[in-house]
Structures are given as C-alpha cells and as structure tokens.
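Visitor: There's a structure below that I have some questions on.
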2 protein chains.
Amino acid sequence: MADRDEAVTLDAGDPLRALYDRFVVADDGLIYLDGNSLGRLPRDTPARLTEVVSRQWGERLIRGWGEGWMRLPTTIGDRLGAGLLGAAAGQVAIADSTTVCLYKLAAAALAARPGRTEIVTDADNFPTDRYVLESLARERGCEIVWIECDPQSGPAPEQVCAVLGERTALVALSHVSYRSACILEQREITRLAHRAGALTLWDESHAVGAIPLTLDDDGVDLAAGCTYKYLNGGPGAPAFMYVRAEHQATLRQPIWGWLGRAQPFEMAPGWVPGEGIAAMLSGTPPVLALAAAAAGIDVVLEAGIDAIRRKSIELTQYAIDLIDEWLAPLGCSVGSPRDAAIRGSHVALVHPDARTLCPRLAGEGVLADFRTPDLIRLGLSPLTTRFVDVHDGLERLRELLRRE
Amino acid sequence: MADRDEAVTLDAGDPLRALYDRFVVADDGLIYLDGNSLGRLPRDTPARLTEVVSRQWGERLIRGWGEGWMRLPTTIGDRLGAGLLGAAAGQVAIADSTTVCLYKLAAAALAARPGRTEIVTDADNFPTDRYVLESLARERGCEIVWIECDPQSGPAPEQVCAVLGERTALVALSHVSYRSACILEQREITRLAHRAGALTLWDESHAVGAIPLTLDDDGVDLAAGCTYKYLNGGPGAPAFMYVRAEHQATLRQPIWGWLGRAQPFEMAPGWVPGEGIAAMLSGTPPVLALAAAAAGIDVVLEAGIDAIRRKSIELTQYAIDLIDEWLAPLGCSVGSPRDAAIRGSHVALVHPDARTLCPRLAGEGVLADFRTPDLIRLGLSPLTTRFVDVHDGLERLRELLRRE
C-alpha cells in the first residue's frame with residue numbers, strides 16, 4: 001500500500017489526469033496540500049485576464065459595461081449554479097467577499113422573520129460566519145443558539161432539531177466543516193428548520209467544487225460560498241450568493257446600492273429592488289476578479305463534479321490509509337470522518353504539536369494548513385492533487401516525526 | 001481660441017504630457033471623455049497583474065498571504081492616504097465596493113451617535129450614497145433630511161447649517177458632485193457638523209486624483225471613494241475607506257468578518273476588533289483587484305496632485321470656453337461652476353435632448369456620459385485627456401447639433 005509505485009500507478013489511471021495539466025505547477029518540488037485554502041492558478045486565467053484587461057478595459061473602456069460586464073455577476077452565477085450548485089437559472093450572483101455575502105443573506109433572513117429572535121449555528125462554524133452572525137444578533141436584538149458538538153463531526157439533524165422552536169429565525173451552518181471536512185445533512189436539517197418556520201443559510205465554501213450540490217432539491221433558502229478554494233478563482237476572489245427563487249420577491253438585503261436597484265442608470269430617487277437575484281447586488285461588479293473566477297469555475301465545470309467527487313474520495317481514503325499505517329504509531333490520528341459518504345475533500349490530521357509541526361512541514365516543502373488547536377489540514381483538491389503528492393507529503397511528515 | 005493648432009500647442013506645452021504615454025490608448029481614433037467614470041488602463045497594469053497572478057499566486061500560492069497580500073489593503077491605503085488624501089498613515093484601507101464601504105462607515109457613524117435620529121444629505125447626492133443611507137435609516141429608525149439645492153451646485157454650508165441640530169447623527173455628502181462637478185466646502189461643513197455634535201462621511205469618488213484632498217486638516221471623520229475613476233484602477237476596482245485615527249478605538253462597523261478581527265488566524269470565539277483601521281475590514285482582500293488598483297494609484301502619485309489639478313483647471317476652462325463659443329448658440333449651456341476654485345475635473349453640458357444626443361455622439365466616436373435629465377458629462381481626466389481631445393470632441397458635437 002505505502003509503496004510509491006502504487007501512487008504512481010493510481011495517478012496514471014486517474015481519468016482526471018489531463019485536467020492536472022490545465023493548472024500552473026512550478027518546477028520547485030513543492031508539495032501543495034492546501035488547494036482547499038487557495039486553489040492553484042489555471043493555465044487559462046492569465047489569457048482570460050489579458051482579454052478583459054488589455055482588450056476590454058484597454059480598448060472598449062466604458063463600453064464594456066454594455067458589452068457584458070454588467071451581467072457578469074449573474075451570467076457566471078448561472079453557469080456555476082447549473083454546473084455545480086444544483087440551482088436553476090436566476091438564483092445565483094457572484095460579487096463581494098464571502099463575509100459580505102453572508103452578512104447580506106443573514107440580514108435578509110432575519111428581516112423576513114420578524115418577531116423571531118434566535119439564530120442557530122454551530123460553535124465550530126467557520127470564524128467569519130460566526131462573527132457575521134454575532135454582529136447581526138447584536139444589531140437586531142437576536143440571540144445566537146450555539147450547538148456544541150464533537151469537533152470531528154458537525155451538528156447532526158437531531159442536535160439541530162433539539163434547539164429549533166417558534167423563536168428560531170435562521171439556521172446558519174457550513175455544509176462541509178472547515179476543520180473536520182464532515183458533510184452535514186443539509187437536506188434533512190433544512191426540512192427540520194422549515195418545519196419550525198425558520199430559514200436556512202448554508203455556507204458552501206468547503207463544499208462547492210468538491211462535492212455535488214443540490215441546493216434546489218435540498219430546499220435550501222440561502223447559500224453563499226467562496227470561489228478561491230476548489231474553484232481556483234484566485235486570492236480573495238468574489239463569492240457567490242444563492243437566493244431561492246420563491247424568496248426573491250420578499251427577501252431584502254440591507255446594502256442597498258445602485259447595482260441592486262431597478263434601472264440603476266436612471267439614478268432616480270428611492271431604492272426599488274431590481275428584478276430577481278439582481279436585488280442582492282450592491283456596488284459595481286469587480287470585473288477583473290470576476291474574469292479570474294470564471295476561468296477557475298470553467299475548469300471545474302469541464303472536469304465535471306461526479307468525476308471530481310470520485311477522485312476526492314479515493315484521494316482522501318488514500319491519505320487516511322497512510323495516516324493509519326505510517327503516522328498513527330507516531331502520535332497522529334485522523335480527525336475527519338472515515339465514512340467517505342460524509343467526508344469532503346480534505347483530511348484533518350490530529351497531533352498535539354500541530355501548531356509547530358505545520359511550519360516545520362512547510363520547511364520540508366509540504367504546504368498544509370494549521371487549524372487550532374491541534375489539526376493539520378491536508379487539502380486534497382481533486383484536480384490539482386496527485387496520489388504521489390499525498391504519498392510524498394505524508395512520507396516527509398513521517399520522517400519529521402521520526403526525527404523527534 | 002477655437003483653433004485646433006492652439007489645442008496642439010497646449011498639449012505640446014503640457015508638463016504632464018509624458019504621463020499620457022503611460023496609458024494604453026488604442027489606435028482607433030476614439031475620443032474618450034469618460035475617464036471620470038472609468039479611467040484608462042495604465043501600461044504598467046498588465047505586468048503588475050502578471051507578477052501577482054503568475055508569480056505570486058502561481059508559484060507562491062498560499063504563502064502569498066504571509067508575503068504581503070494580507071497587508072495590501074493598508075499598505076496601498078497608506079500610499080493613497082499620504083499622496084492623495086492628506087491622511088497620515090494608519091487611517092486608510094482599500095477593500096470592498098464603494099457601496100459596501102459607504103454602508104460600513106455610515107452604519108458605524110450612526111451607532112456612535114445613539115439617540116440621534118437624523119441623517120443629513122443632498123437630494124442630488126450620488127445614487128448609491130442615497131440608497132445606502134435610505135436603507136440604514138429604515139433599519140435603524142432614522143430619518144433622512146434631504147437638502148434641496150440648485151443642481152448646478154451642491155449644498156452650501158449655510159444650507160447644511162440650517163438643518164443641523166441635536167438630532168443630527170451624520171452629515172453624508174459628496175465632496176465633488178457627480179453631476180455638476182461642484183466642489184463642496186468640506187472643511188466648513190465638517191466644522192458645522194461637529195459644532196452640532198454630528199459626524200461627517202464624505203464620498204471622495206469624484207474628487208480623489210482630481211483635486212488635492214486634506215482629510216486630516218479638514219477634520220473629516222469618515223470618507224470613502226472609488227479607485228476606478230481618476231485613479232485608473234480598473235472596472236469595479238475596490239474602494240477606499242478613511243477613518244480618522246481618533247475614532248478608530250470607538251467606531252464599530254457592522255460587517256464583522258475574520259479579516260477585521262484581532263489575530264484572525266486564531267479563529268477564536270467572539271469577534272474582537274483588530275487594531276486601528278484593520279477593524280474596518282471584513283472578508284479576504286481581493287488581491288488581483290488590489291494589484292490593479294495599486295498600479296493605477298501609482299501613476300497618479302508619480303504625476304503629483306498639484307500638477308494634475310493645474311491641468312484639470314486648464315482643461316475644464318478650455319471646454320467651457322468652447323461650449324460658450326460653439327455650443328451655446330446651438331442650445332447648450334454650462335452646468336458646472338464657472339469658478340475654477342469650486343470645479344472638479346468634469347464639465348456638465350446641459351441640453352434638453354442630452355439623452356438622445358449622448359449615444360449619437362458615441363456614434364461619432366466621442367464617449368461621454370449621459371446623466372438624467374439633461375446633462376452630458378464631459379470627463380476630463382487630466383492624465384489621459386489632451387486639449388485636442390476636448391477640441392475634437394466638442395467639434396463633433398457642434399457638427400451633430402448643426403445637422404439637426
């Protein structure tokens with residue numbers, strides 16, 4: 001099993017092998033196990049940026065707004081929705097940071113449930129999600145109900161159910177845990193939230209591009225997620241917002257800007273919501289960043305999410321096998337679900353010295369993320385991680401631990 | 001005066017002539033009088049983007065965050081502050097759209113003046129500013145006091161003074177009117193607002209890079225502005241926020257995200273404000289867009305704002321002279337201040353058929369902006385507009401009007 005030749009064989013038989021060559025991989029021997037934090041640069045991206053910068057901006061100038069720029073948030077959004085979110089057209093827009101998108105969506109949800117004063121989330125939810133909810137709770141006089149659960153799994157439906165009630169306005173959770181990679185039961189939790197009269201907001205940052213999503217079928221009300229992880233959109237790439245069609249006429253986000261208004265260029269008095277998902281926009285679309293995001297999304301669409309998911313399961317299982325065989329005797333354990341059905345595309349490795357081990361591993365040419373208090377997060381982005389990368393990365397970690 | 005040779009001579013003597021060559025100008029004969037809406041592409045920008053995209057993202061990957069990306073909002077902010085805003089270090093950050101920045105700043109101001117329920121603004125303020133204030137007023141139970149004034153000028157200090165009182169929480173105005181280009185008396189209005197116990201929020205979008213700014217000296221509390229107009233940062237480039245140092249410990253913006261928190265990578269429970277201006281940040285910095293914004297800002301810094309202002313006054317005066325001589329007999333009038341001391345870098349031309357004239361002018365190869373109900377806005381961005389552009393653009397408009 002732990003034979004490097006086997007990893008080489010697995011890579012040779014990888015149906016997504018050709019897609020690996022669609023990304024820039026520097027000839028520096030780096031082992032990159034962090035594509036779940038910042039995805040690699042697609043080879044197409046520089047040319048796509050040159051088209052937008054040098055031709056569209058440089059030559060077409062202000063005319064670019066009439067020649068497609070204005071619709072970029074929703075045209076790219078629809079492409080992402082159809083190919084990766086399980087969302088019919090007209091429900092997705094890309095703009096603003098993930099944090100700002102989460103704020104707008106959560107605020108809209110609270111405003112749509114007047115009289116209800118509780119927001120349900122998970123004490124282990126991603127920091128920016130927690131902070132946004134704390135701010136809104138403080139501002140709107142709401143209370144956060146924190147679900148405490150095993151850090152290796154997210155809240156189960158019955159844990160959510162136990163805290164739902166007639167005061168619950170919103171259930172806001174991450175579909176895939178940024179720490180354990182555990183996949184939550186989005187459909188069932190959403191059903192339970194609806195039964196209690198609450199709305200749901202799902203953060204898909206660690207899910208999109210890694211696992212198939214079915215937002216429409218799951219009954220999800222609101223979702224957001226970032227495009228710089230598995231979607232390879234570039235550092236700080238803009239995020240997407242999903243608002244279920246049936247809510248678009250009634251939900252109102254708080255950052256009223258000219259781009260979310262009906263007929264923005266009339267510049268008329270009084271904000272009137274634009275049609276459909278456009279009402280969720282605020283400021284001028286970030287055209288350069290959107291072009292890079294689109295290039296990243298398009299490579300993932302080309303690969304197809306089912307093939308990506310198959311490889312993701314094989315890669316994460318391979319990593320878990322190596323941890324069990326090599327690293328468990330050296331004090332490591334697996335902090336992610338062993339059941340592939342509820343595991344996203346990263347593997348959390350638990351070690352008491354993770355905080356110091358992670359930079360030392362980087363010194364050995366292996367990049368992964370440290371997450372407090374004791375996790376090394378191995379991000380196995382399926383398009384850009386080879387089985388030999390997993391093998392070599394964990395082998396270097398083994399050598400490092402053996403030298404202790 | 002209206003001799004093309006004179007325009008050629010003026011260009012030949014322009015001390016900023018060399019800077020013109022630092023921008024991409026396509027060989028298509030286009031006359032671009034819209035650099036106040038979207039600035040031209042600096043020649044340096046593609047190489048700066050290549051450095052960030054292909055080398056930093058492509059090769060350094062996640063390490064980029066430790067190698068400068070994380071500080072981009074404030075390092076570029078400080079450069080902008082020192083060179084163009086009259087702001088000492090530590091008070092400026094670049095991130096998010098102008099709309100989102102205005103929202104964060106206005107919300108912070110209202111929270112800092114509890115018990116006060118009025119927001120003073122101008123009925124002719126830029127749409128996104130008005131909409132943001134309307135949203136916040138509705139959300140926080142405030143009322144907007146709309147100053148009505150001559151559309152060719154913004155509110156004078158005495159008009160602002162007349163509506164200030166113990167209920168005033170915030171005075172939010174544009175320093176330079178997006179319609180008339182009138183420069184408001186920022187320092188005096190700020191002084192009056194302070195005397196009434198209110199805070200001020202200035203939108204510098206049509207001022208920055210066109211006129212010298214002295215935010216520190218003017219006593220300004222809060223300011224925001226976009227980087228894609230006179231700063232040539234690219235379509236939808238991120239905006240800047242200024243928060244006066246003395247307010248940073250107490251003012252709290254509402255979009256609490258991980259990047260505004262102290263020690264973001266601890267990912268600890270509970271939002272705690274980061275130090276200084278960092279507390280105004282929310283999500284992950286948009287690195288690609290920031291690199292383009294920096295390239296645009298740097299060309300303006302190189303030119304120097306005093307030289308830019310001198311040329312701006314000459315260009316706008318030249319345009320006004322041509323309008324008076326050629327176009328006044330054809331039904332046009334000047335909708336901008338004739339006093340250069342209170343005129344920004346665009347000239348509003350008034351004509352009853354402006355709405356149809358503007359696209360017809362575009363058909364003749366002259367790009368300007370239509371603004372309701374009857375303005376053609378001639379944007380004379382000093383670095384990228386030549387006197388011959390003004391001459392030829394207005395000559396084509398004259399021909400068009402003569403054919404009526």
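Visitor: Want the number for B:Arg63 to B:Ala47: 0.36 nm per residue separation, take away the alpha-carbon distance, what's left?
Guide: 3.7 nm
Visitor: Over 24 Å apart: what share of the alpha carbon pairs of the range B:1-128 falls there, rounded to a whole percent?
Guide: Roughly 58 percent, rounded to a whole number.
Visitor: Compute and list, largest first, the equivalent-ellipsoid semi-axes of the range A:139-248 from the alpha carbon gyration tensor, each √(5λ) rounded to a whole angstrom.
Guide: Here the semi-axes work out to 23, 17, 14 Å.
Visitor: Rounded to the nearest Å, what's the spacing between the alpha carbon centres of the range B:147-199 and the range A:10-30? Just the number, please.
Guide: 60 Å
Visitor: Provide the descending list of Cα extents for the range A:44-105 along its principal axes, expressed in whole angstroms.
Guide: Taking the Cα atoms of the range A:44-105, the three principal extents are 36, 25, 22 Å.
Visitor: With label points built 7 Å along Cα→Cβ from the Cα atoms of A:Arg71 and A:Thr372, find their separation and express it in nm.
Guide: A separation of 4.6 nm, rounded to one decimal place.
Visitor: Could you give me the ³J(HN,Hα) list for the range A:196-213, computed from phi with Karplus coefficients 6.51, -1.76, 1.60 and θ = phi - 60°, whole Hz, x at Gly and Pro?
Guide: Those phi angles translate into 8, x, 9, 9, 10, 10, 10, 8, 9, 4, 8, 10, 5, x, 10, 10, x, 10 Hz.
Visitor: Between B:Asp353 and A:Phe265, what is the spin-label point distance in nm, taking each point 7 Å from the Cα along the Cα→C-beta axis?
Guide: 2.0 nm
Visitor: Of A:Gly90, A:Gly296, A:Gly225, which has the largest mean-square fluctuation in a 10 Å C-alpha GNM of chain A?
Guide: Comparing A:Gly90, A:Gly296, A:Gly225 in the GNM, the peak value goes to A:Gly90.
Visitor: Enumerate the amide H contacts of B:Ala89 below 5 Å, restricted to partners 5 or more residues apart or on another chain; note that Pro and chain-start residues carry no placed amide H.
Guide: Residues meeting the amide H criterion: none.
Visitor: Continuing with this model, one more query. Pop out the ³J(HN,Hα) list for the range A:224-232 in order, Karplus 6.51 cos²θ - 1.76 cosθ + 1.60 with θ = phi - 60°, rounded to Hz; leave Gly and Pro as x.
Guide: Computed from phi, the couplings for the range A:224-232 are 9, x, 9, 10, 9, 8, 5, 9, 6 Hz.
Visitor: Applying 1/(1 + (r/R0)^6) with R0 = 30 Å to the Cβ-Cβ distance of B:Ser333 and B:Asp21, what FRET efficiency is obtained, to the nearest 0.05?
Guide: After rounding, the FRET efficiency stands at 0.30.
Visitor: Would you mind putting A:385-392, B:281-288 in packing order, based on average other-beta-carbon counts within 10 Å, highest first?
Guide: Final packing ranking: B:281-288, A:385-392.
Visitor: Further, regarding this structure: Residue by residue, what Karplus-based ³J(HN,Hα) values in Hz, rounded to whole numbers, does the range B:4-12 have, using 6.51, -1.76 and 1.60 with θ = phi - 60° and x for Gly and Pro?
Guide: Whole-Hz 3J(HN,Hα) from phi for the range B:4-12: 4, 4, 5, 4, 4, 5, 4, 5, 5.
Visitor: How many percent of all Cα-Cα pairs in the range B:217-342 sit more than 24 Å apart?
Guide: Value for the range B:217-342: 53 percent of Cα pairs lie more than 24 Å apart.
Visitor: Please sort A:131-140, B:97-106 by packing, taking for each peptide the average over its residues of neighbouring beta carbons within 10 angstrom, highest first.
Guide: Descending mean neighbour count gives B:97-106, A:131-140.
Visitor: Given a Förster distance of 60 Å, report the FRET efficiency between A:Thr117 and B:Ala12 from their Cβ-Cβ distance, rounded to the nearest 0.05.
Guide: The formula returns an efficiency of 0.30 here.
Visitor: A further question follows. When all C-alpha to C-alpha distances in the range B:47-302 are sorted into bins of 10 Å, what percent of pairs does each bin hold, rounded to whole numbers?
Guide: Computed distribution, short to long bins: 8, 32, 36, 18, 6, 1.
Visitor: Per the Kirkwood formula on distinct C-alpha pairs, the Rh of the protein assembly as shown is how many angstrom?
Guide: 27.4 Å
Visitor: Quick one: if the Förster radius is 30 Å, what FRET efficiency do A:Arg187 and A:Gln317 give, using the C-beta to C-beta distance and rounding to 0.05?
Guide: Efficiency, from the Cβ-Cβ distance: 0.80.
Visitor: Report, to the nearest 10°, how far helix A:387-402 tilts away from the longest principal axis of the Cα atoms in chain A, using its own Cα long axis and a range of 0 to 90°.
Guide: 60 degrees
Visitor: Non-local amide H neighbours of A:Thr200 (under 5 Å, H modeled in plane, Pro and chain starts lacking H): which ones?
Guide: For A:Thr200, the qualifying residues are A:Val171, A:Asp221, A:Leu222.
Visitor: Here's something else I'd like to know. Among DSSP bridges having both ends in chain B, what percentage is antiparallel? Round to the nearest 5.
Guide: Around 50 percent antiparallel, to the nearest 5.
Visitor: In addition: Considering Cα pairs under 8 angstrom that are at least six residues apart, work out the relative contact order of chain A and quote it in whole percent.
Guide: For chain A, the relative contact order is 23 percent.
Visitor: Rounded to the nearest 500, what is the 222 nm mean residue ellipticity of chain B from helices alone, with -39500 (n - 2.57) per DSSP H run of 4+ residues and division by all residues?
Guide: Calculated at 222 nm, the ellipticity per residue is -10000 deg cm²/dmol.
Visitor: Between the range B:62-120 and the range A:252-330, what is the separation of their alpha carbon centroids in Å?
Guide: Taking the Cα centre of the range A:252-330 as reference, the centre of the range B:62-120 is 25 Å away.
Visitor: Take B:Arg402 and B:Glu148, extend 7 Å from each Cα along the Cα→Cβ direction, and tell me the distance between the two endpoints in nm.
Guide: According to this spin-label approximation, the distance is 4.2 nm.
Visitor: While we're looking at this one, here's another question. Need one value for B:284-295: mean number of C-beta atoms belonging to other chains within 10 Å of its residues' C-beta atoms.
Guide: Per-residue shielding by partner chains comes out at 6.
Visitor: Okay, moving on. With a 10 Å radius around each residue's Cβ, average the other Cβ atoms per peptide and rank A:149-156, B:26-33, B:376-383, highest first.
Guide: B:376-383, A:149-156, B:26-33
Visitor: Turning to a different aspect of this structure: Quick query: amide H of B:Asp369 versus all other amide H atoms, modeled in the peptide plane; which residues come in under 5 Å with a sequence gap of 5 or more or a different chain?
Guide: B:Arg377, B:Gly379
No value in this document is a laboratory result; all are computed from the given coordinates. Since the model is a prediction, treat every value here as computed from it, not as a measurement. Cβ: placed from backbone, ideal geometry, glycine included. Neighbour counts: every protein chain shown.
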